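The values are calculated or read from the model by the stated rules, or taken from the named source; none is laboratory data. In this text, all values refer to a predicted model and were calculated from it rather than measured experimentally. Please note: Cβ atoms are built from the backbone with ideal geometry, for glycine as well, and neighbour counts cover all protein chains shown.
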Amino acid sequence: MSAWSSIKEKFWSFISKIFGDKKVKIGIYGPPNAGKTTLANKIIKDWTGEELNGVSEIPHETRRVLRKKDISIDVGKSSLKLDIVDTPGLATKLDYHDFLKYDLEEDEAKIRAKEAAEGVIEAIRWLDDLDGVLLVMDATESPYTQVNITVIGNMEARKLPLLIVANKIDLPTAKPLKIMEAFPQHTVIPISALKGENIETLYKSIYDHFR
């Protein structure tokens, strides 16, 4: 890059900060089947009419980081431009036997487990390139899991802005209050990514938290 190009880049970066033309990279993290890709698709479809990826009941269906750029969300008269990064489900243990229960052949199950492990490593590497994280938790399950506690500790150590999304509140067994009680130091937004319940509150929180 020439000296003049560098000066122009710094100038426009400065102008963008003054006038609020800011873009942030937000990673969607969480354990398998918490609803990360459902949420990514909901955000992207609401603001672009497109979708990022299909969803499945098989855990670790997202085995590579997927990114959608330049999503502009509007909150009142203001807007925030996002890059949404959908990451593979985080797990402390991956065993190909876990995939066999979904009627996969042994060879395919082993491939899935290997790809899932590679996806977890890729997701962790992406933390170095993000401006913030939406941590999705299944509100029907206990929040006191090793994955949740480890991820939150990692985010706090990195001082990475974090919003916790308590997903699946449309289900009768959902208890988002338990997530709030488990992690009182963080903002928790109860939603249903599938049904769109309370999604507007999440959008406002994303704007307030990450701009």
Query - Selected residue (criterion: nearest to Val147 (Cα to Cα)) from residues of the range 186-211 that are assigned to a helix (DSSP H, G or I) and of a type in the set (Val, Ile, Thr) - result: Ile206
Report summary line: Selection over the range 132-156 where residues are in contact with a His (Cβ under 9 Å, 6 or more places away or on another chain) and either part of a strand (DSSP E or B) or at positive phi (or both) yields a count of 2
**Report entry** Complete set of residues in the range 157-185 that are assigned to a helix (DSSP H, G or I), without any contact (Cβ under 8 Å) to a residue 12 or more places away in the chain and of a type outside the set (Gly, Ala, Ser)
**Finding:** Leu177, Glu181
Requested in this report: Output the residues belonging to the range 34-67 that are at pLDDT 80 or above, out of contact with any strand residue (DSSP E or B) (no Cβ under 7 Å at 6 or more places or on another chain) and either basic (Lys, Arg) or assigned to a helix (DSSP H, G or I) (or both).
Outcome: Thr38, Asn41, Lys42, Lys45, Asp46
Requested in this report: Report yes if Glu122 is closer than 11 Å to Thr87 by Cα, surrounded by fewer than 16 Cβ atoms within 10 Å (Cβ to Cβ) and modelled with pLDDT under 70, otherwise no.
Outcome: yes
Requested in this report: Considering only the range 154-195, state which residues are among the small types (Gly, Ala, Ser) and under 16 Å from the mean Cα position of the chain (by Cα).
Outcome: Ala166, Ser192, Ala193
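Yes or no, residue by residue, for (1) at pLDDT 95 or above; (2) closer than 20 Å to His209 by Cα:
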site	(1), (2)
Tyr144	no, no
Val147	no, no
Asn154	no, yes
Ile169	yes, no
Pro172	yes, no
His186	yes, yes
Report summary line: Reported set for the range 176-196 where residues are under 18 Å from Lys36 (Cα atoms) and surrounded by fewer than 20 Cβ atoms within 10 Å (Cβ to Cβ) is Thr187, Leu194, Lys195, Gly196
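Report yes if Lys168 is at positive phi, among the charged types (D, E, K, R) and crowded, with 17+ Cβ neighbours inside 10 Å, otherwise no.
yes
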